[in-house]
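Input: a single structure, listed below in structure tokens.
The values are calculated or read from the model by the stated rules, or taken from the named source; none is laboratory data. From a predicted model like this one, the values you see are computed outputs, not experimental measurements. All Cβ positions, even for glycine, are placed from backbone atoms using ideal geometry, and neighbour counts span all protein chains on display. In case anyone asks, the SASA skips ligands and DNA or RNA and just uses the protein heavy atoms, side chains included. Shrake-Rupley method; radii C 1.70, N 1.55, O 1.52, S 1.80 Å.
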Amino acid sequence: MRGLKVTILASGSSGNCIHLQSGDTGILIDAGVPKTKIEKRMIEAGINPASDIQAIFITHAHGDHIKGLPLANKWRIPVWASEGEWKNIQAVDDDLRRVMDVGFDMHLFGTFWVRAFPTHHDSYNSLGYVVGWENDGWCSICLDTGKVDAEMLEAMAGSDVYIIESNHEPNMVEASSYPDSVKARVLSDIGHLSNEQTAAALAKLIKGKGERIYLTHLSNNNNMPALAEGTVRRALRQKGFEAGKHYHLEVV
């Protein structure tokens, strides 16, 4: 896509952090690894933490999404999260706190827009985001949700980039050593997306116009990259789309 650069700085249960940049405008979606690791990975990727982050947007306040938020205090970066999720975020200075409302369009620095949509997770008020630049297209970010409903599909429709959770294979969860309570949580409607759920959502969203798909937040114990990728490829092949021709797929 034209000028939009996507850098996945961390993905998975150990931490999640995504950098999006177009021109002089850059943001982070989540900051779930320690501040020093985010800074190190940004520098390795050619991203300047002093100038290439204009805002941080939080999906929800679990540790693997907010652990590195002291970064905001150091570099004086505004942090946006839902009102509910702020109940569990203590690490951000008061003057940097911003409330993100569902459906609210936030306009940053000229052509840069962000809109939030509700997701389904065991937190107060988890969010996904659609990020857009007038000249560079749109990117949807959907992490940590137990299901994808019609409202979420409508919010993400027409995007050029999809960064979406593909967390687990249900049979692997059932056969795992997790306690029954944890298995039930992961598999519930307020848990995480399975490969099949992610594939079904993408089959409704992808139009074969060269979209970029990033499968993220894979479980280390209950998934494998080849499983996630294969499940999505099969679902999109049934729609007549082939990877590399109609869309581009990466597992991170």
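Percent of accessible area on the chain owned by carbon and sulfur, 1.4 Å probe? Kindly include the intermediate steps, with their values, before the conclusion.
Values: 5260 of 10630 Å².
The value for the chain is 49 percent carbon and sulfur by accessible area.
For a test of the definition: using alpha carbon positions, the gyration tensor, and the 1.5 limit on a/c, classify region 79-137 as rounded, prolate or oblate. Don't skip to the end; give the middle numbers.
On the way: a/c = 2.97, a/b = 1.47, b/c = 2.02.
Verdict is oblate for region 79-137.
Report which label in (1) 82, 40, 34; (2) 52, 43, 26; (3) 46, 43, 34 holds the value of Cα extents along the principal axes in Å derived from the coordinates of this structure.
(3)
Roughly what % of Cα-Cα distances in region 93-192 sit above 17 Å, to the whole percent? Walk me through the intermediate numbers first.
Values: 2920 of 4950 pairs.
Roughly 59 percent, rounded to a whole number.
Could you identify which residue out of Tyr214, Tyr124, Tyr162 has the top mean-square fluctuation in a GNM of the chain using Cα springs shorter than 10 Å?
Among Tyr214, Tyr124, Tyr162, the largest GNM mean-square fluctuation belongs to Tyr124.
Relative contact order of the chain, please, whole-number percent, based on alpha carbon pairs below 8 angstrom and at least 6 residues apart. Don't skip to the answer; put the middle values down first.
Numbers: 563 pairs, mean separation 36.1, N = 252.
Rounded, it is 14 percent for the chain.
Mind checking which of Ser188, Ser140, Ser126 has the largest fluctuation in a GNM of the chain, springs on alpha carbons under 10 Å?
Looking only at Ser188, Ser140, Ser126, the biggest GNM fluctuation is shown by Ser188.
In whole Hz, what ³J(HN,Hα) sequence does region 17-29 give by Karplus (6.51, -1.76, 1.60; θ = phi - 60°), x for Gly and Pro?
6, 10, 10, 10, 9, 9, x, 8, 9, x, 9, 10, 9
Shape verdict for region 105-252, please, from the Cα gyration tensor: rounded (a/c under 1.5), prolate (a/b greater than b/c) or oblate. List each step's numbers first, then the result.
Values: a/c = 2.31, a/b = 1.32, b/c = 1.75.
Judged from the Cα gyration tensor, region 105-252 comes out oblate (a/c at least 1.5, b/c at or above a/b).
Given a Förster distance of 35 Å, report the FRET efficiency between Asn73 and Lys204 from their Cβ-Cβ distance, rounded to the nearest 0.05. Display every interim value, and only then the final one.
Numbers: r = 40 Å, r/R0 = 1.15.
It comes out at approximately 0.30.
In a Gaussian network model over the chain where Cα atoms closer than 10 Å are linked, find which of Gly46, Gly84, Gly191 has the largest mean-square fluctuation.
So, out of Gly46, Gly84, Gly191, the one fluctuating most is Gly46.
Mind jotting down the distance between the C-alpha centroids of region 48-78 and region 193-252, whole Å?
28 Å
Which of the lysines could be linked to Lys204 by a straight reach, that is with a Cα gap under 28 Å, when you skip same-chain ones fewer than 8 residues away?
Partners found: Lys5, Lys147, Lys183, Lys239, Lys245.
Please list, in order, the residues from region 194-215 whose amide nitrogen is less than 16 Å from a point placed 7 Å along the Cα→Cβ vector of His248.
The answer is 207-215, whose backbone nitrogens lie closer than 16 Å to the label point.
Enter the accessible area per residue of the chain (Å², integer; probe 1.4 Å; all protein chains in place). Spell out each step's value before the answer.
Numbers: 10630 Å² over 252 residues.
Value for the chain: 42 Å² per residue.
For region 1-105, what is the convex hull volume of its Cα atoms per residue in Å³? Could you put the intermediate results ahead of the total?
Numbers: hull volume 11.3 nm³, N = 105.
Spelled out: Cα convex hull of region 1-105, divided by residues, is 107 Å³.
Assuming 0.36 nm per residue, please report the length gained on full extension of the stretch Ser177 to Gln238 beyond their Cα-Cα distance.
Here the segment from Ser177 to Gln238 would lengthen by 18.5 nm.
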